[in-house]
Amino acid sequence: MKKNVYFVQASDIYGTDKKSVYIPYAVGCIQAYCQKNSTVADNYSFGKFIYTKEPINDVVARLEAPYMLLFSCSVWNMEYNKALASAVKVAYPDCLITFGGHNVSADGKELKEYSYVDFVIHRFGEEPAEGLLTSLALGKPLDSVSNLSYRNSDGETVTTAYEAQKGLSYPSPYLEGTFDEILRDDISFSGLFESNRGCPNACSFCDWSELGSKVRLFPMEKVKAELDWFSEHKIEYVYCVDANFCLFDRDAEIADYVVQCKEQHGYPKVFRVFFTKNRFDFVFDVSTRFFRSGLDKAKTVSFQSMDEQVLKNIGRKNIRVDFFKNLLVKYKELGIDTLSELILGLPGETYDSFCNGVNVLLESGQHFAISIYPCEILPNSQMGQKAYIEKFGIKSTRVPFKLIHSVDGEDSDKITEYSEYITATSSMDEKQWAKSLLFSAYVQGLHNLGLLRAVAIYICNEYKTTYSGFYQKLIEWSEKNDGSFLNRVYGKISKLCLGITSGENEMFGTFDKTGRILWGFDELIYLDCFDNKEAFYDEVRSFVSSAFGSSDIIDALFSYQQGIIKKIGTEKAYIESDYDFFSYFNNIYSDKYSPLQKNHISLEICDTLKTESFTDYAREAVWYGRNRRATDYTSTYYEVKYTV
């Protein structure tokens, strides 16, 4: 009689009316590979995937005489996996529990920490899982199975030799029908896709470099067949998990095939990739193809840090700033939005160098979309190793992990997951880290989201100050002016930033008018200032007057700035000014600065993004539309009639 085996890759469900979840691709690959082994096929029966965070008792109740459960462990499901594994062991003491994935250790310490764990698979999972199941079926010793930790007869932990994955072709879980059973569930699946596996880079914060495996290209026949599968099964959203798309010339052929699939069958509707950094013209060409077909509306240009010593510490190199500046203009000319990313808390970074890095991005023309993420320690990365931690004086804090824009407390029984954020290094203490996070929230919330973008750009260009200096002075003004609206905003956000360093709160917070939806700190700043825009702009004008002086142009500037912010319940918006701010700012966005002209202008904006309530506005303009400048009437998102 065959023994029952279950794979677990538990994910959160997105949405309420239309529930969506990523297909459990990692465990699907492992199961498809194992089933090709005749010994495995003859001795084991595979149960339905456990792919969402169902109530623990419900999962245990539907298991049928489980012989083994194999868990894919990541930061977003580790605590759930531990709770489920423990409960299964109580209900079925003889059931074997195997942990694997990115969030398990390299030395099998889970066997010492959790009595309910029997095996730990390290790094890639296909070959070790097959070897484990085969050895158990045949009664063979486990020391010949690579990348495995287990307890010997004396209860001691044994970790076998590591062997890099070298295979060039693996069975596709899509084409083998591995997911057929769960596809019948009432849920919308998003696809995960890889045309190759491996990464040539050696970033210290990422565990790809520690895998010791060269980049391997999967057969083009398999690649195209999987893309056909997504089209045939009407998978709307596909995330390509290649570490560096466009690293290889053949990626242009893959891109063309994705476009062809959408044109012929309508699917996938969205195809997202991680582009390689150093093939600029090639990436520009391919990203343009995706944009024109509607597969991807934005292009990400990541930096991590703008400081050379920090980049050296983490094993990264950036493109030249002048090239980046020209690249932004090229994308803008085609109407393609761009997003730039930085990481906070990297070794060697200081408060000043971090703020300067943000300033460099703004001065280069990245006024619309900068995403800044706290550096998270992954257990199998170089950064997660003791020697690296000691070298750079790294201190981390365990912080509750929640999904941005999820509903706080929606499921009181939900198990809390945790992230391990770097909140101090030898070059940046906890207060400086919190201060840096606060600065980034102000820049993203007021500049990128648009509430002060026009004001800041004009001040910085005409008064020869830096963007970082402008926002630092605004933060200082807010801190000192007790009792003001901006002082209240400062107090709330600075407390949340400091709360991260002690693990008191997560990276998100709620806003009264939107219920229990969790917003980023930058979004909280925007929503609060928008909701109190009269007080906000009055106080910012007082700040500008005290720091830079006043004039009729400054008065006109504030009037224009307020006018271009999207309104609630408006179908037509009208803006008039005695100064041609519209041309002035568009010239700057195109890196063609020209002095402001005193010409009377009128703008008529057709607002097709209807929002009848504050909650609608927050969702449609701030959440869904933030990287498309939906909060700004002068963006390409809206139809603007400009008259001089």
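The values are calculated or read from the model by the stated rules, or taken from the named source; none is laboratory data. Computed from a prediction, not measured in an experiment: that's the story for all the values here. Backbone-built Cβ (ideal geometry, glycine too); neighbour counts: all protein chains shown. Only protein heavy atoms, including side chains, enter the accessible area calculation; ligands, DNA and RNA are left aside. Shrake-Rupley method; radii C 1.70, N 1.55, O 1.52, S 1.80 Å.
Scanning the stretch 595-639 for residues being closer than 23 Å to Phe581 by Cα, open to solvent by 40 Å² or more (accessible area, probe 1.4 Å) and touching a residue at least 40 places away in the same chain (Cβ under 8 Å) gives a total of 6. Taken over the stretch 502-527, the residue count meeting the criterion of being open to solvent by 20 Å² or more (accessible area, probe 1.4 Å), out of contact with any Leu (no Cβ under 7 Å at 6 or more places or on another chain) and either under 19 Å from Val443 (Cα atoms) or in contact (Cβ under 8 Å) with a residue 60 or more places away in the chain (or both) is 8. The set of residues from the stretch 107-138 being modelled with pLDDT of 95 or more and either more than 36 Å from the chain's Cα centre (by Cα) or at positive phi (or both) comprises Thr134, Ser135, Leu136, Ala137, Leu138.
Counting the residues of the stretch 476-501 that are open to solvent by less than 20 Å² (accessible area, probe 1.4 Å) and of a type in the set (A, V, I, L, M) gives 4. When the stretch 573-594 is filtered for residues that are more than 35 Å from the chain's Cα centre (by Cα), open to solvent by less than 30 Å² (accessible area, probe 1.4 Å) and not β-branched (Val, Ile, Thr), the ones remaining, listed by number, are Ser577, Tyr579, Asp580.
Only residues that are open to solvent by 10 Å² or more (accessible area, probe 1.4 Å) and over 25 Å from Tyr463 (Cα atoms) were counted in the stretch 549-572, giving 6. Whenever a residue of the stretch 151-171 is touching a residue at least 60 places away in the same chain (Cβ under 8 Å), its partners that are open to solvent by 50 Å² or more (accessible area, probe 1.4 Å) and among the charged types (D, E, K, R), lying with C-beta atoms within less than 6 angstrom and at least six residues away or across chains, give the pairs Pro171/Lys36. Looking only at residues that are basic (Lys, Arg) and at pLDDT 90 or above in the stretch 270-291, which one is farthest from the chain's Cα centre (by Cα)? Here the residue is Arg289. Out of everything in the stretch 232-269 that is on the phi > 0 side of the Ramachandran plot and surrounded by fewer than 16 Cβ atoms within 10 Å (Cβ to Cβ), what residue ends up being nearest to the chain's Cα centre (by Cα)? Out of the qualifying residues, it is Lys234. Taking first residues from the stretch 359-376 that are under 11 Å from Ile343 (Cα atoms) and partners that are charged (D, E, K, R) and not in a helix (DSSP H, G or I), the Cβ contacts under 6 Å between residues at least 6 apart in sequence or on separate chains come to Ser371/Glu341. Within the stretch 343-358, if we keep just the residues that are open to solvent by less than 10 Å² (accessible area, probe 1.4 Å) and touching a residue at least 60 places away in the same chain (Cβ under 8 Å), the residue that is farthest from Gly469 (Cα to Cα) turns out to be Pro347.
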